[in-house]
Amino acid sequence: MKNLFGFVVVGLFFTFSLEARPNLILVFIDDMGWGDFSCFGNEAAQTPNVDRMAKEGVRFEQFYVNSPICSPSRTAISTGQYPQRWKITSYLSNRDHNQQRGMAQWLDPKAPMLARSLQKAGYATGHFGKWHMGGQRNVDDAPPITDYGFDASLTNFEGMGPKLLPLTLKPGQDPNKPGRIWGDAERLGKGVRWMQRSKITEGFVDEAIPFMTDAAKADKPFYVNLWPDDVHSPFWPPVDKWGNGKRELYLQVLKEMDRQFGKLFDFIREDEALRENTLVLICSDNGPEQGAGVSGPFRGYKTHLYEGGVRSSLIAWGPGLIPSNNNESMGKVNEKSVFSAVDLVPTLLELADVPHPEGVKYDGESLPDVLLGKSDASRKQPLLFRRPPDRDAYYGDNDLPDLAIREGKWKFLCEYDGSDAELFDMEADRGETKNLAAKHPELVARLTKVCIDWHKSLPPDNGPNMIRKPKKRPTKALYDLKQGENLSGVEAPFCEGRKVTIRATVEVNGKDGVILAHGGDKAGYALYIRDGKLVLGVRRDWKLTEAVSSSSSSSLLDGSVVVVATIGQTGKMSMSVAGKQVATADAKGKLTQPGDGLQVGNDLIKPVGKYTLTQFPGKITKLSLQFD
Ligand SMILES: [Ca+2]
Ligand SMILES: [Ca+2]
């Protein structure tokens, strides 16, 4: 009887555990900032479908991805290992570019893919959306996605196998003659369909839903990647929801993506069996592009190891798996657990009761209770980061930290050789504003060693060889520059503390445009025309001081005219047109050296002044910059 009873229990348990294997859906968004879902604080746009998932599930505030850029972040979440192990350390590009940066051409299919482990255990596995772990541009011999443990796939222009490629349409454009993004991707394989980029997330959802239906009919649990790329630039909202400028276009695309998610979320929610046994995870592969999404309270952007580059707004939903929430109006928020994308792989394997592949050591730790909202523990090991080899300078920062670690409440960043230490207390200062390195020399020494040892334990890339050697500062006194000239931050003149005189002969055929700009919105100076008036702008510590010519100076629109602008050593500004002084102002302090470059006839990347248009409408001849 006892034996029989024991047998029955084991038999029941066996059946139960097979039936209970949860379905897994990973929604991995491209380049969306931590602060972009409205449940993570966005007030400029609402994301009601995602917010509802957060409200019914758990929202995590200290979740990280393992790289601040596409391909390595995707490798980490797919393998449970640091992407450096597979030499995927920046975005995959063309063959030469990959080689130049010391990277693999594609992710080695031998990598311990989560998908393959699940597939071997009987899961139906499907990838729908951007891949970017091999097969793009001229890399046309990469393995198909189905070689990585997926039964089915549909991707875009950065992956091998059947494709859904984006058409583009602007307001006013003939709908019969749409544009194409990476039309050349047709060469990467058969099974190409074209679809408006503004609808493409729904295109992937429409492929995923029948896949899940078939799996359910076959009594198989499923693992589905839905990896949309529509919030990655360039931004193509529907023509009737167009916006002005990058930020508005981005927000329109974000709202549209959320709307298209609704169909997927409703499909799961409205089917009782699926609702009770499906776990949906939603997060972004890296931080936002500057000027598009936002990092919320965090410092930095995509490509940075500062929080804005690597923190990701994770949501977990699964009413049958996550204990119900007592405070229904709020949803659960986990503010404490520090964990990351590599941790999801062993965590999901444990939830699915699937063994690890033999001989594989994950960098991730299994944290099922955290993911299901039952615990606010953290991973035990610190989290380590190495920046992409080609991103020492980006978004106006000319020397970004190369390595970083998150250990307990501390975030530490340094160069490959341990120099330029930055230490932040993430409990008191999650915006990484106060560098405490000087106050904690012993901690700094220990964390430096951990970072460098970890860095050296991994296959190298060419990051250390690609650092732009800072040239000796150009300190000469006189520069003759031409319209269209564009000097990088390192090539631009040294202006700090010096008196600057800009002389130019201009022929103006419009009311707005930049004559010269050096710097960005933090530091710099610029001479420009706005609404027909000549303006000299100086930026010091983000603050803009402008000298504006008193009235529409008719002489400015009168053929060829000489304009002179000076900024004194203490910030006194003045301008003249054809020898007559037209305006003065006082920036109250010396110029500081900007990280951003210098342009003649335009202002690129970050603007120094407040412009209507940046392209100069006319001719600039004889432009000189003199420093005293
Ligand atoms: Ca990305
Ligand atoms: Ca650096």
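The values are calculated or read from the model by the stated rules, or taken from the named source; none is laboratory data. Being a predicted model, the structure only gives us computed values, none of them experimental. Methodologically, a virtual Cβ is constructed for each residue, glycine included, from the backbone with ideal geometry; neighbour enumeration extends over all protein chains shown.
Here are a few things to note about the model shown:
- Extreme residue, nearest to Asp420 (Cα to Cα), among residues of segment 390-401 that are at pLDDT 90 or above and within 11 Å of ligand 2 (Cβ to nearest atom): Pro401
- Filtered residue count, segment 411-430, keeping only those that are assigned to a loop (DSSP other than H, G, I, E, B) and in contact with a Leu (Cβ under 7 Å, 6 or more places away or on another chain): 1
- Boolean, Ser366 is without any contact (Cβ under 8 Å) to a residue 40 or more places away in the chain, buried (at least 18 other Cβ atoms within 10 Å of the Cβ) and outside the structural domain of Lys456 (by TED's automatic domain parsing): yes
- Take the conditions (1) away from ligand 2 (no atom under 16 Å from the Cβ); (2) out of contact with any Gly (no Cβ under 8 Å at 6 or more places or on another chain); Leu305 misses just one of them, which is (1).
- Pairs with Cβ under 6 Å, 6+ apart, first in segment 218-233 and in a strand (DSSP E or B), second among the hydroxyl-bearing types (Ser, Thr, Tyr): Tyr223/Tyr123; Tyr223/Thr125
- For segment 437-450, the criterion of a residue being within 18 Å of Gly308 (Cβ to Cβ) and not aliphatic (A, V, I, L, M) is satisfied by no position.
- Any chance Leu154 is touching a Gly at 6+ places or on another chain (Cβ under 7 Å), assigned by TED's automatic domain parsing to the domain that holds Gln84 and buried (at least 18 other Cβ atoms within 10 Å of the Cβ): no
- Test: residue in segment 404-418 that is within 11 Å of ligand 2 (Cβ to nearest atom) and over 30 Å from Gly291 (Cα atoms): yes
- Taken over segment 377-398, the residue count meeting the criterion of being away from ligand 1 (no atom under 16 Å from the Cβ), in contact (Cβ under 8 Å) with a residue 24 or more places away in the chain and not hydrophobic (A, V, I, L, M, F, W, C) is 9.
- Wholly within segment 274-358, strands (runs of 3 or more DSSP E) carrying at least 3 residues that are at pLDDT 95 or above: 278-284, 314-317
- Subset tally (residues that are aromatic (Phe, Trp, Tyr) and part of a helix (DSSP H, G or I)) for segment 234-267: 4
- Some residue of segment 59-69 being under 25 Å from Ile322 (Cα atoms), basic (Lys, Arg), surrounded by fewer than 24 Cβ atoms within 10 Å (Cβ to Cβ) and in contact (Cβ under 8 Å) with a residue 24 or more places away in the chain: no
- Of all the numbered requirements in (1) under 25 Å from Val231 (Cα atoms); (2) touching a residue at least 60 places away in the same chain (Cβ under 8 Å), Ser93 misses one, and that requirement is (2).
- Odd one out for Asp453, checked against (1) surrounded by fewer than 19 Cβ atoms within 10 Å (Cβ to Cβ); (2) touching a residue at least 12 places away in the same chain (Cβ under 8 Å): (2)
- All conditions but one from (1) part of a loop (DSSP other than H, G, I, E, B); (2) crowded, with 22+ Cβ neighbours inside 10 Å; (3) not hydroxyl-bearing (Ser, Thr, Tyr) apply to Ile77; the one that does not is (1).
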